[in-house]
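**Student:** Here it is, the structure, as structure tokens.
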Amino acid sequence: MRWAWWFLLAPQAHLLAGLWRDLGLPAFDMGVLWCLFLGFFAERRATPWLLLGAALSRALVDESSLAVQALVLGIPVALLLPMRTLFFGQRWLWLTLAAAACAFALPRLSAWFGVWFAQPSASAQADGAMVLWTAALAAPLLAVLRRLPPCRSFEESA
């Protein structure tokens, strides 16, 4: 049942982030929250399938394909997974720094893979304000996201 929740509600998060931006609130990248959740808090054995759901949800709101989105999200997750033992728990400072790094890297990866595979992406354009707001909002939003049903059931126990 938890997988049904994941594949039904993960795409809604990107739509909610778009609604957030359309209401005039500061824009942030939902892919950063998925990268932080998958890299630091998700069950290790479920991470590839959770990544598929996150990439699918990002591909629904972006022009590039599922494979490109899996690469764009998968590279930061693969880099964050080894740091899980060092930064276990809701450490706000480390999450903010990791969110800033991901918010800076995801648009560049989207642009690079968009050129490489000839699939331009709307998420390849990011400015400094978006990186700043994503870094500032990532830790509190991740604390809320971890308590919601799809993410709560996939969280790795200590």
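**Student:** Here are some residues: Leu16, Leu9, Leu51. Which one is at negative phi, at pLDDT 90 or above, part of a helix (DSSP H, G or I) and not small (Gly, Ala, Ser)? Full working, then the answer.
**Tutor:** On the way: Leu16 fails: at pLDDT 90 or above; Leu9 fails: at pLDDT 90 or above.
It is Leu51.
**Student:** Looking only at residues that are under 23 Å from Leu25 (Cβ atoms) and of a type in the set (Gly, Ala, Ser) in region 106-133, which one is surrounded by the most Cβ atoms within 10 Å (Cβ to Cβ)?
**Tutor:** By that ranking, first place goes to Ser110.
**Student:** Here is a follow-up. So, in region 68-94, how many residues would count as being of a type in the set (A, V, I, L, M) and at pLDDT below 90?
**Tutor:** 3
**Student:** Also: Does Leu33 satisfy the criteria of being in a helix (DSSP H, G or I), of a type outside the set (D, E, K, R), at pLDDT 85 or above and within 22 Å of Ala135 (Cβ to Cβ)?
**Tutor:** Judged against the criteria, Leu33 is a match.
**Student:** Scanning for something of a type outside the set (Val, Ile, Thr) and over 16 Å from Phe37 (Cα atoms), does region 71-84 turn up at least one residue?
**Tutor:** Within region 71-84, one or more residues are of a type outside the set (Val, Ile, Thr) and over 16 Å from Phe37 (Cα atoms).
**Student:** Turning to a different aspect of this structure: Given the conditions (1) touching a Gly at 6+ places or on another chain (Cβ under 9 Å); (2) part of a helix (DSSP H, G or I); (3) farther than 17 Å from Thr134 by Cβ, which single one is not true for Ala70?
**Tutor:** Of everything listed in (1) touching a Gly at 6+ places or on another chain (Cβ under 9 Å); (2) part of a helix (DSSP H, G or I); (3) farther than 17 Å from Thr134 by Cβ, Ala70 misses just condition (1).
**Student:** Out of Leu15, Leu52, Leu38, report the one residue that is more than 16 Å from Pro107 (Cα to Cα), surrounded by fewer than 18 Cβ atoms within 10 Å (Cβ to Cβ) and not acidic (Asp, Glu).
**Tutor:** Just a single option satisfies the conditions, and that option is Leu15.
**Student:** Of all helices (runs of 4 or more DSSP H) completely enclosed by region 81-158, which ones contain at least 1 residues that are over 28 Å from Arg45 (Cβ atoms) and in contact with a helix residue (DSSP H, G or I) (Cβ under 9 Å, 6 or more places away or on another chain)?
**Tutor:** Values: elements: 92-116, 128-145, 149-152.
In region 81-158, the matching helices (runs of 4 or more DSSP H) lie at 92-116, 128-145.
**Student:** Right, here's the next one. Just to verify a result, which residue in region 60-95, among those that are within 21 Å of Leu16 (Cα to Cα) and of a type outside the set (A, V, I, L, M), is surrounded by the most Cβ atoms within 10 Å (Cβ to Cβ)?
**Tutor:** Across region 60-95, the extreme among qualifying residues is Gln69.
**Student:** Would you check if Leu56 is closer than 24 Å to Leu132 by Cβ and either modelled with pLDDT under 95 or not aromatic (Phe, Trp, Tyr) (or both)?
**Tutor:** no
The values are calculated or read from the model by the stated rules, or taken from the named source; none is laboratory data. This one's a predicted model, so the numbers in the text were calculated from it and none came from an experiment. Methodologically, a virtual Cβ is constructed for each residue, glycine included, from the backbone with ideal geometry; neighbour enumeration extends over all protein chains shown.
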